[in-house]
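I have placed the structure first, in the form of structure tokens, so that the comments after it can refer back to it.
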Amino acid sequence: MNPVQYEEVKAKQVLNPVKEPSMPFEHSINPYRGCQHGCSFCYARAMHSFLGMNGDDTFQRQILMKTNAPEALREQLRKAERSRKGLAGIGRIAIGTATDPYQQAEGRAKLTRGCLEVLADYPVPVSITTRSPLILRDLDLLRRMRITSVNISLNTLNTAVWRNFEPGAPSPAKRLETVRRLADAGIPVGIFAAPLLPYITDGRQELEALFAAAAESGAKFVMTSYLRLSASDVKVWFFESIRRHYPHLTGAYAKLYERSAYAPREYRAPVQHYIDGLRERYGLGDAEEEDGADTQDALPSDSVRETGPFPLEVPWLPLEQEPNHAGEERQADEPPTQLYFAF
């Protein structure tokens, strides 16, 4: 296994404007490029290609660290404070829209913590999206900030699915524990169940278990959105994962995504109806991002187009017809794949 490589870069700015009106924030912060969690469905793989790097496993093994991120952020906020609109012109800030701000490198680099230390000095609304319990380290800062929400990404409780698609991410149990501890600390927290994977994480039993666990953990909301395969690098890498772990679903996925980056509405509609019922049953709200996507997979609306309506050859399978998940013959105590790294 190749070791993770780190590259220190200097950023001219880290507070980046978001022009897409469908997004529920006006600026984003991403202290890192590339992500050691290595999720096979992550849209940010396409960003690596944009930077001239590969979107394959290079994405989780070549991490760019904006080492001056806290300083650059403070300078931007100082200028904004002196501008005609003042800090009101900043609007809402989302941290973790491209890669996880609490991936493994953050344990030592502390770039995200440095940015939070800056934001704690300015009354601007901030949301954070992460898969990592490392965010609990920064509870002292979160209590001082104007946090609108902490969004814990979790799309399944199935450990086989987690290991197959998120090789470097913390376990579902750890993420639920993080939700509980944030809720107990008075931090507004919910779950981003995104992306939902057709025939894998969107079965009735899967969804029921996830919503029940979310409610039990103190989540205020559960946001859901389906897998989108809008970039060729992401699509190729994801289909390789499907062929490796769920070969019986390769044809079904090919049909679902042959005409669009989205699964067809005819497939998604009954699932969404079921999810709406789960929200009502468990008293869970919805996040603003419902009509957009997982913020770590956010795309401008005009960059992908959904075709249809057209006949749906592969319908959402009801509970009694759901296929068994490949890979569940693994031992329950088998450790997940690790991504080794060192500074």
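The values are calculated or read from the model by the stated rules, or taken from the named source; none is laboratory data. Bear in mind the structure is a predicted one, so any value in this text is a computation, not a measurement. Glycine gets a Cβ as well: all are built from the backbone with ideal geometry, and neighbour counts include every protein chain shown. Ligands, DNA and RNA are stripped out before the accessible areas are found, and what is left, the full protein with its side chains, is counted by its heavy atoms. Shrake-Rupley method; radii C 1.70, N 1.55, O 1.52, S 1.80 Å.
Scalar couplings 3J(HN,Hα) for segment 81-87, obtained by applying the Karplus form with A = 6.51, B = -1.76, C = 1.60 to θ = phi - 60°, are 4, 8, 6, 4, 7, x, 5 Hz; x denotes Gly and Pro. Of Lys12, Lys66, Lys235, Lys19, the residue with the largest accessible area leads and the full order is Lys12, Lys19, Lys235, Lys66 (1.4 Å probe).
Applied to segment 30-36, the Karplus parametrisation 6.51 cos²θ - 1.76 cosθ + 1.60 on θ = phi - 60° returns per-residue 3J(HN,Hα) values of 9, x, 10, 10, x, 8, 6 Hz, with x for Gly and Pro. Once all protein chains are placed together, Arg244 keeps about 140 Å² accessible to a 1.4 angstrom probe. Among His37, His245, His273, the order of accessible area from largest down is His273, His245, His37, computed with a 1.4 Å probe on protein heavy atoms.
With a Förster radius of 51 Å applied to the C-beta separation of Lys255 and Asn16, the computed FRET efficiency comes to 0.85.
I'd like the FRET efficiency for Ser241 and Thr58, computed as 1/(1 + (r/R0)^6) with the beta carbon distance as r and R0 of 22 Å, rounded to 0.05. Present the calculation step by step, with values, prior to reporting the outcome.
On the way: r = 16 Å, r/R0 = 0.72.
Once the sixth-power term is evaluated, E becomes 0.90.
As a test question: what accessible area, to the nearest 10 Å², does Asp286 have when a 1.4 Å probe is rolled over all protein chains in place? Accessible surface of Asp286 is approximately 70 Å².
Projected label points at Arg78 and Glu177, each 7 Å from Cα along the beta carbon direction, are separated by 4.1 nanometres.
Ranked by the mean number of other Cβ atoms within 10 Å per residue, highest first, peptides 253-259, 76-82 order as 253-259, 76-82. Can you give me the Cα centroid spacing of segment 228-243 and segment 175-191 in angstrom? Here the answer is 31 Å between Cα centres. Note on Ser260: accessible area approximately 10 square angstrom, rounded to 10, probe 1.4 Å, nucleic acids and ligands left out.
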